[in-house]
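The values are calculated or read from the model by the stated rules, or taken from the named source; none is laboratory data. Owing to the predicted nature of the structure, the values given are computational and were not obtained by experimental measurement. Using ideal geometry, Cβ is built from the backbone for each residue, glycine included, and neighbour counts are taken over all protein chains shown.
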Amino acid sequence: MSMSDQPEPAAQKKRLKALETQAKEAQRAIAELNSRDALKTQFLSNISHDLRTPLAAIITHAEILREGMLGELNAKQRDSVSGIVNGGQQLLDMIDEILTYVRGESDQITLSPMEFSITELVDQVRMLNQPLAAKKKLTIERLDGDELPSVHADRDKLKHVLGNLIGNAIKFTSDGGRIWISLSRRGKNAEELVVEVGDTGRGISRNNFELIFREFAQVDASPSRPHHGTGLGLAIARKFVELHGGSIWVESELGKGSRFFFTLPLNTPRD
Amino acid sequence: MAARILIVEDSTLVTDAFTVLFRQAGYDVEIAASVAEAIELGSAGTVDIMLLDLSLPDGSGLEVLETLRARGRAPHATLAMTGHDDSKTRQACLDAGCADVLVKPLPIGELLRQIERRLA
């Protein structure tokens, strides 16, 4: 060993020690961040839950008034009270969306699968959204799917996903447009169901194809944006689809409408 | 005689609203804000319908029903109320003997229909 090599082992040792310290610090920082993130999730869950109670009371009181249980209202009074009920309901839906998201984040969501007809479910969600679509003179049609076998999945979760996609289509399609739902199978043995929800709305630019499925993300997140919401709808939809072993994506061009797709494995009972 | 509803719920905001609603609809209303109070009121055996919130300050709402059933004083029908519908909670309520599980806030028309149906 030459003289010039002498200091090296010591320097290496020192360097190793420094790296070990850095690694430990990084681990501590990660643990700290994780625990803060968990606290934030817990806070979001508690606050959402606590917001529900007074809101539920407000809605119930307003309904009592609207139904004339405390005396008949005139048309203007009834409209005004209806505004309280509708606004309250909208707020409640948003709070529930946050709660659903938080439960997903803390892995509290489990699937309760059952056998059911996907076409019937699509038609049910379509009917539920009909009044909202009619207000904007939009048509919602199911194009195909009558020959499909029943699916084994969590019906409530898929209803939520369909409701979210159709709701978005209504929100972002201007008056007189078209919304459609198409059902098909793909794969070597047609083992995958593909659900498409398409619209003739404003479309989404390619840059935002990934962003829209991320939590809290909105294409236009400015306070002056024309469409409000929690920005959680598609993140929840993605979570529910992925829990089933499927995937979700969008194909779109600005000004030319959007087509949302999600897949669902067929004939594979899951617990 | 008017049917008697026992509201088991710890938020006065909610019980106030329900009290107005049920009194206007012609029912007698009693309120319990805890498991202990609900067991005491329910043990009189005069309750027709119990609206049961699941999370109470001193325990789970289902304890009320279990105790009343053990004493042979269960109301004619118990409707559980929860803020969040999930299949596990629903099953636990049905297993405990609840007639149904309602997700708050239920539209009042629907709530009154549910109660009428259970009294019929």
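Overview of results
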{"quantity": "Members of region B:79-104 found to be in a loop (DSSP other than H, G, I, E, B) and more than 17 Å from residue B:14 (Cα to Cα), listed by number", "calculated": "B:85, B:86, B:97, B:98, B:99"}
{"quantity": "Odd one out for residue A:186, checked against (1) buried (at least 19 other Cβ atoms within 10 Å of the Cβ); (2) in contact with a strand residue (DSSP E or B) (Cβ under 6 Å, 6 or more places away or on another chain)", "calculated": "(1)"}
{"quantity": "Filter result for residue A:161 (surrounded by 13 or more Cβ atoms within 10 Å (Cβ to Cβ), in contact with a helix residue (DSSP H, G or I) (Cβ under 6 Å, 6 or more places away or on another chain) and not in a helix (DSSP H, G or I))", "calculated": "no"}
{"quantity": "Boolean, residue A:168 is without any contact (Cβ under 8 Å) to a residue 12 or more places away in the chain and either buried (at least 17 other Cβ atoms within 10 Å of the Cβ) or part of a loop (DSSP other than H, G, I, E, B) (or both)", "calculated": "no"}
{"quantity": "Unique match (being within 10 Å of another protein chain (Cβ to nearest Cβ), buried (at least 16 other Cβ atoms within 10 Å of the Cβ) and either farther than 30 Å from residue B:22 by Cβ or modelled with pLDDT of 90 or more (or both)) among A:70, A:121, A:99, A:65", "calculated": "A:65"}
{"quantity": "Residue in region B:78-91 that is more than 14 Å from chain A (Cβ to nearest Cβ) and farther than 18 Å from residue B:115 by Cβ present", "calculated": "no"}
{"quantity": "Region A:127-157 - residue that is assigned to a helix (DSSP H, G or I) and within 14 Å of chain B (Cβ to nearest Cβ) and, of those, nearest to the chain's Cα centre (by Cα)", "calculated": "A:157"}
{"quantity": "Residue list for region B:57-71, filter: touching a residue at least 24 places away in the same chain (Cβ under 8 Å) and either more than 12 Å from the chain's Cα centre (by Cα) or farther than 20 Å from residue B:22 by Cβ (or both)", "calculated": "B:57, B:58, B:59, B:60, B:62, B:63, B:66, B:67, B:68, B:69, B:71"}
{"quantity": "Of residues in region A:168-192 being among the aliphatic types (A, V, I, L, M) and out of contact with any Phe, Trp or Tyr (no Cβ under 9 Å at 6 or more places or on another chain), the one nearest to residue A:229 (Cα to Cα)", "calculated": "A:170"}
{"quantity": "Region B:16-26 - residue that is surrounded by 19 or more Cβ atoms within 10 Å (Cβ to Cβ) and in contact (Cβ under 8 Å) with a residue 12 or more places away in the chain and, of those, nearest to the other protein chains (Cβ to nearest Cβ)", "calculated": "B:21"}
{"quantity": "Single residue of region B:110-120 satisfying the filter (free of Cβ contacts under 8 Å to residues at least 24 places away in the same chain and away from chain A (no Cβ under 14 Å)) that is nearest to residue A:60 (Cα to Cα)", "calculated": "B:116"}
{"quantity": "Single unsatisfied condition, residue B:111 versus (1) more than 27 Å from residue A:99 (Cα to Cα); (2) crowded, with 17+ Cβ neighbours inside 10 Å", "calculated": "(1)"}
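The rows are residues; the columns are (1) without any contact (Cβ under 8 Å) to a residue 24 or more places away in the chain; (2) over 12 Å from the mean Cα position of the chain (by Cα); (3) over 20 Å from residue A:61 (Cα atoms); (4) within 14 Å of chain A (Cβ to nearest Cβ).
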| position | (1), (2), (3), (4) |
| --- | --- |
| B:14 | no, yes, no, yes |
| B:46 | no, yes, yes, no |
| B:95 | yes, yes, yes, no |
| B:105 | yes, yes, no, yes |
| B:108 | no, yes, no, yes |
